[in-house]
There are 2 protein chains.
Amino acid sequence: MSLRVGVVGGGQLARMMIAPAVELGVELRVLAEDVGMSASLAATAVGDYHDADTVLAFARDVDVITFDHEHVPQDVLAVLVDAGVAVHPGPDALRVAQDKLVMRARLAELGMPQPDWAAVTDAAELQAFLDAHGGRAVVKTPRGGYDGKGVRVVSAGTEADDWFATLAEDARGGALLVEELVDFARELAQQVARRPSGAMRAYPVVETVQRGGVCAEVIAPAPHSSERLRAVAAEIGVAIAEGLEVTGMLAVELFETTDERLLVNELAMRPHNSGHWSQDGAVTSQFEQHLRAVLDLPLGDPDPVAEWAVMVNILGGPAEESLDARFAAAMSEHPQAKVHTYGKAPRPGRKVGHVNVSGDDLDDVAYQARAAASFFLD
Amino acid sequence: MSLRVGVVGGGQLARMMIAPAVELGVELRVLAEDVGMSASLAATAVGDYHDADTVLAFARDVDVITFDHEHVPQDVLAVLVDAGVAVHPGPDALRVAQDKLVMRARLAELGMPQPDWAAVTDAAELQAFLDAHGGRAVVKTPRGGYDGKGVRVVSAGTEADDWFATLAEDARGGALLVEELVDFARELAQQVARRPSGAMRAYPVVETVQRGGVCAEVIAPAPHSSERLRAVAAEIGVAIAEGLEVTGMLAVELFETTDERLLVNELAMRPHNSGHWSQDGAVTSQFEQHLRAVLDLPLGDPDPVAEWAVMVNILGGPAEESLDARFAAAMSEHPQAKVHTYGKAPRPGRKVGHVNVSGDDLDDVAYQARAAASFFLD
């Protein structure tokens, strides 16, 4: 095919679209923030995605614009849409992923199950929420948070005073999001692909294991899941994708409570860490599916190719030089492990790659994935 | 990793190394014959591989040189080796793949089972071979043949006079290869990866179906195969890889005779059409394995991820414009089919892509693969 997809952002998600783009015959073009980023092989432009002229110039030569992240400002997105550029996901959907208060309000309108929440503008309002919810709660900045940043557990209304002060300085004003502290048994993620023309395919719900607010491991499908749980998760994903008219990949992060309810935690409208297992564990990877979806091509089969897949993230720490030796050692000990690297300079806590293992014995699959990834630990 | 592999030749085999290179973190550089070839995304140079200076300049900045084809002349390979460049497969191994008479002689030295053969320099010698082998035989030009070109079934010694005349004009002189016409039940292919340090991994033997001298379809593993047959095929592959000191991927094309013997037909020292199924059907694809092997990295698991995989080639015919619509139709009807495109302008009989399907029911897998590929037929 001679279709062209333009990706704004040159991180690892854009990088991992390169492989399926080559095989599909889709020309992938990337607007990277800087030279030498993860997706540099496909980078045809380097520039600031906050600048409408830069993004519009990049968009001129492609059939559709999509994203490595959700941070492109609404005014830039509006310029694209006004110029007739196909933007997937579109600005209205992205707004929900960009602002956690908008997200909570829209999910409430859609009747989605979620934690109790409120928009609070000062310490007194926060304290009132705390008083009504057992004295502890989670406060989040509506914008800009990821991987645990912009998230704080508080037990007093004054513990977010610094964030309230920052909001007060921001000309846009606004509020913080406060959510009840959910007593969850585990965290899950549900992915759904949706085409502009409306067709959808749901991936199996997966279990995600977080450490220090960062995704550490994913098990696909989520073990010990009843048919009902799997169906409810898929229904939530489909309802959100449809309700928000998401195009491309949607990831819905979920809490499974100790009383077996599912509550929506976060949304991402792009390929997501919880779906990296699909590169080696599903008929159609989330990266291929995202390309197909944003191009409004027929979606691929999201079914797993083995009973189980486990993904373990590789976090930075070791210096670049030692990564090669560690890589060879991991490959040698675990020939069934698929090691994916992001071409990023390692620094502590930074995601620099991941390991996928698939197979029919979950204990063995999880062991192999963790053991292979452990070669990259300090 | 920051390892760099240089591939001489910009065809689809180089193109299909791009995806695993990105994921492994290997920097792939391609010396393409022309602009706009299959592997153009990774093409860092365009030039003539017959020119030693061109190839040597390309090789200066990479850790290892490997190939999209076996056509790089020995004098060019010698210049690389003399300059200290790591070349995999090396010139001695490649010579065997470049000249079918050399191949027959070396396989005989290794004690490999093969059809009766002879080097013939004129019609009388050819007639003598025919008289001793039932009056019909296969004549092959030792160099430059592929996909059925340079191969002719003859029943009279004079039927290769044009080729003898061409040989006579060639300053190098030489002979034609004549082989007995094997009464084969089917054709198989055995792939083996070998590292410079000697470690090897064998893929399961597959069945290849040829139409008009061109590979049409591959079934992996070869159906209705006894354990003995699979073991013998692997032993032949390993013995040849070791005996010829092949580095990277080796494909051994085999005849299975009606009395269940295996005879070596052809060799290829690179990823091969018979291994395309492994992109979606094996833990480690032949393209990833080739990169690992030529870099002397630990080899990956060659095991299938499902019981069966079927690959069907897409041959040119339809015009470029219609390929998009056909692609979408194939994707729509067969969401489990993996369509791989080569970015080549279609022309009749030219390989422009292939379809892989994997699963546990061979009838269904073969049906899906053939049906998906049929969308690309005229």
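Just so you know, all these numbers are worked out from the coordinates, no wet-lab data involved. The structure presented is a predicted model; accordingly, all values stated were derived computationally and were not measured. Cβ coordinates were reconstructed from backbone atoms using ideal geometry, including for glycine residues, and neighbour counts include every protein chain displayed.
As a ratio to 2.2 N^0.38 Å, the alpha-carbon radius of gyration for segment B:199-250 is 1.27. Within segment A:4-87, antiparallel bridges make up roughly 0 percent of the DSSP beta bridges whose residues both belong there. Calculated mean residue ellipticity, 222 nm, chain A: -9500 deg cm²/dmol, from DSSP H runs (n ≥ 4) at -39500 (n - 2.57) each, averaged per residue and rounded to 500.
Compute the signed sum of charges (Lys and Arg +1, Asp and Glu -1) over the other residues within less than 12 Å, Cβ to Cβ, of B:Leu77. After counting each charged neighbour, the total is -3. Taking every Cα-Cα distance in chain A and sorting them into 20 Å bins starting at zero, the pair-distance distribution P(r) comes out as 28, 60, 13 percent.
Model label sites at A:Gln74 and B:Ala132, defined 7 Å from Cα along the beta-carbon direction, differ in position by 8.7 nm. The convex hull drawn around the Cα atoms of segment B:210-338, when projected onto a plane and averaged over every direction, covers 9.9 nm². Globularity index of the protein assembly as shown is 1.05 (Cα radius of gyration / 2.2 N^0.38 Å, N = number of residues).
The C-alpha atoms of segment B:4-87 occupy a region whose extents along the principal axes are 32, 24, 18 Å, arranged from largest to smallest. The relative contact order of segment A:4-87 comes to 33 percent, based on Cα pairs under 8 Å that sit 6 or more residues apart. Note: relative contact order over chain B, using C-alpha pairs below 8 Å and six or more positions apart, is 13 percent. For the pair B:Glu245 and B:Val81, the difference between a 0.36 nm per residue extended length and the Cα-Cα distance amounts to 57.5 nm. Approximating the spin labels as points 7 Å out from Cα along Cα→Cβ, the A:Glu307-to-B:Asp92 distance works out to 4.8 nm. In the structure shown, the pairs A:Lys149/A:Lys344; A:Lys344/B:Lys351; B:Lys100/B:Lys351; A:Lys351/B:Lys344 are assessed against 29 Å; a Cα-Cα span above that value is assigned to A:Lys344/B:Lys351; A:Lys351/B:Lys344. Size estimate for segment A:39-145 follows the Kirkwood approach: the inverse of mean 1/r over distinct Cα pairs works out to 16.4 Å.
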